[in-house]
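A.B. asks: Right, I'll just put the structure down here and ask away after.
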Amino acid sequence: VHGMETELPAKITLYQGLPKGDKMEMIIQKAIELGVTEIVPTAMKRCVVKLDAKKAAKKVSRWNTIALSAAKQAKRGIIPEVREVRSFKEILEEVKDIELMLVPYEEAKGMQESKELINKAKGKKSIGIIIGPEGGFEKEEIEQLKGGKTMSLGKRILRTETAGMTVLSILMFTIEE
């Protein structure tokens, strides 16, 4: 299996709340193995890391190097892009066009609803996943995500670097043909 045969039927964008340290590198690597199309590092209220423009540009370039080698290793048909760092406010505009927005949130209720939500991913052309940073989302951020559907990932609290991988794994299993 190689080339486009390895791609998932939907374009999946991961909006990852900026994590501490070099966790982003592992997130990028694993997300690409699991079939993500693009990754958008997102500055949110509770992000500990504050990147100035120069630092951010340097990081993004490093992250894309990691993306390239992960894509090769996973025999991907495309090389997923790590886009420039955006603010939460900036992504609110862009996510309006995505067919299904998944938002893992510790206060979301019930696995049944989450399972139904994931099943809605079948046949969608574009899926977005928004992952909060270490401290989670602020309530107002969740409220601003008009089209986003909050979902539970189970009774345990998952770290920011585990949450995206979990959603991607479940999605892959659900939509892979």
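A.B. asks: Restricting to DSSP H runs of at least four residues, report the calculated mean residue ellipticity at 222 nm for the chain, -39500 (n - 2.57) per run over all residues, nearest 500 deg cm²/dmol.
C.D. replies: -12500 deg cm²/dmol, from helical runs alone.
A.B. asks: For residue 176, what accessible area in Å² do you get when you roll a 1.4 Å probe over the heavy atoms of the protein chains, rounding to the nearest 10?
C.D. replies: Counting only protein heavy atoms, the figure is 90 Å².
A.B. asks: If you average the alpha carbon positions of region 123-157 and of region 38-100, how far apart do those two centres end up, in angstrom?
C.D. replies: 16
A.B. asks: Same structure, new question: List, in the order given, every pair from 30/89; 109/139; 109/146; 23/58; 11/149; 58/124 whose Cα-Cα distance in the structure shown is over 24 Å.
C.D. replies: 30/89; 58/124
A.B. asks: Sorted by mean Cβ packing within 10 Å, highest first, what order do the peptides 119-131, 40-52 take?
C.D. replies: Peptide ranking by packing, descending: 119-131, 40-52.
A.B. asks: Still on this structure: Measure off, as a whole percent, the carbon and sulfur share of the 1.4 Å-probe accessible area of region 38-177, all protein chains present.
C.D. replies: Carbon and sulfur: 53 percent of the exposed surface of region 38-177.
A.B. asks: Rounded, prolate or oblate: which one fits region 70-152, using the alpha carbon gyration tensor with axes a ≥ b ≥ c (rounded when a/c is under 1.5, else prolate when a/b beats b/c, else oblate)?
C.D. replies: It comes out oblate by the Cα gyration axes.
A.B. asks: What is the sum of charges around residue 49, taking Lys and Arg as +1, Asp and Glu as -1, for the other residues whose C-beta is under 12 Å from the C-beta of residue 49?
C.D. replies: +3
A.B. asks: Which helices pass in the chain if a helix is a full DSSP H run, must span at least 18 angstrom along its long axis by Cα, and must have mean Kyte-Doolittle hydropathy not below 0.0?
C.D. replies: Span-like helices in the chain: 160-175.
A.B. asks: Separate question: Could you compute the net charge surrounding residue 97? Neighbours are other residues with a C-beta less than 12 Å from the C-beta of residue 97; K and R count +1, D and E count -1.
C.D. replies: 0
A.B. asks: Another question, then. Can you tell me the FRET efficiency between residue 155 and residue 26 if r is taken as the Cβ-Cβ distance and R0 is 25 Å, rounded to the nearest 0.05?
C.D. replies: My answer for the efficiency is 0.55.
A.B. asks: What does the charge count around residue 11 come to, taking other residues whose C-beta lies under 14 Å from its C-beta (Lys +1, Arg +1, Asp -1, Glu -1)?
C.D. replies: -2
The values are calculated or read from the model by the stated rules, or taken from the named source; none is laboratory data. Keep in mind that what you see is a predicted model, and the values were worked out from it rather than measured. All Cβ positions, even for glycine, are placed from backbone atoms using ideal geometry, and neighbour counts span all protein chains on display. These accessible areas exclude ligands, DNA and RNA; they are computed on the full protein's heavy atoms, side chains included. Shrake-Rupley method; radii C 1.70, N 1.55, O 1.52, S 1.80 Å.
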